[in-house]
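Following: one structure in structure tokens, then a few remarks.
The values are calculated or read from the model by the stated rules, or taken from the named source; none is laboratory data. Just so we're clear, the structure is a prediction, and the values are computed from it rather than from any experiment. Counting neighbours? That spans all protein chains shown, and the Cβs are built from the backbone with ideal geometry, glycine included.
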Amino acid sequence: MKHFVILCLGLIINIAVAAAADIENGKKLSSACSVCHGKDGISTYPEAPNLAGMSSIYFEKSLVDYRKGIRQDRRMSLISSSLSMKEIKDLAAWYSAFEVTVTLPEL
């Protein structure tokens, strides 16, 4: 039950953050991300994570951490430094809106 409550709270927070941001602008901005992270946020580049379905909270924190130098990556530090907080929130809303499904391996 505790895990269910935590999951529900996380979803509510994600939805609230996405609602406050401009998802259409996030979609437009995502074209710059697609070079490494894939057209629809599914990366084909081994060093770049998938962005599709990523939590908006995690997405925003990651980009802010790159801007502050807490996280280090030459490309991401450069890219994140040119984004406003509004643009980061818009991108987070876009990528967190993706619904990603997985298929478990048969054992």
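Yes/no matrix, rows are residues, columns are (1) in contact (Cβ under 8 Å) with a residue 12 or more places away in the chain; (2) not hydroxyl-bearing (S, T, Y):
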site	(1), (2)
I79	yes, yes
S82	no, no
A92	yes, yes
V102	no, yes
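If you go through the stretch 53-105 one residue at a time, how many are more than 15 Å from D40 (Cα to Cα), in contact with an Asp or Glu (Cβ under 8 Å, 6 or more places away or on another chain) and in a loop (DSSP other than H, G, I, E, B)?
1
From (1) over 29 Å from V102 (Cα atoms); (2) assigned to a helix (DSSP H, G or I), pick out the condition that doesn't hold for A32.
(1) is the only condition that A32 fails.
Got at least one residue in the stretch 87-94 being surrounded by 14 or more Cβ atoms within 10 Å (Cβ to Cβ), over 18 Å from A20 (Cβ atoms) and modelled with pLDDT of 95 or more?
No, there is no match, as no residue in the stretch 87-94 is surrounded by 14 or more Cβ atoms within 10 Å (Cβ to Cβ), over 18 Å from A20 (Cβ atoms) and modelled with pLDDT of 95 or more.
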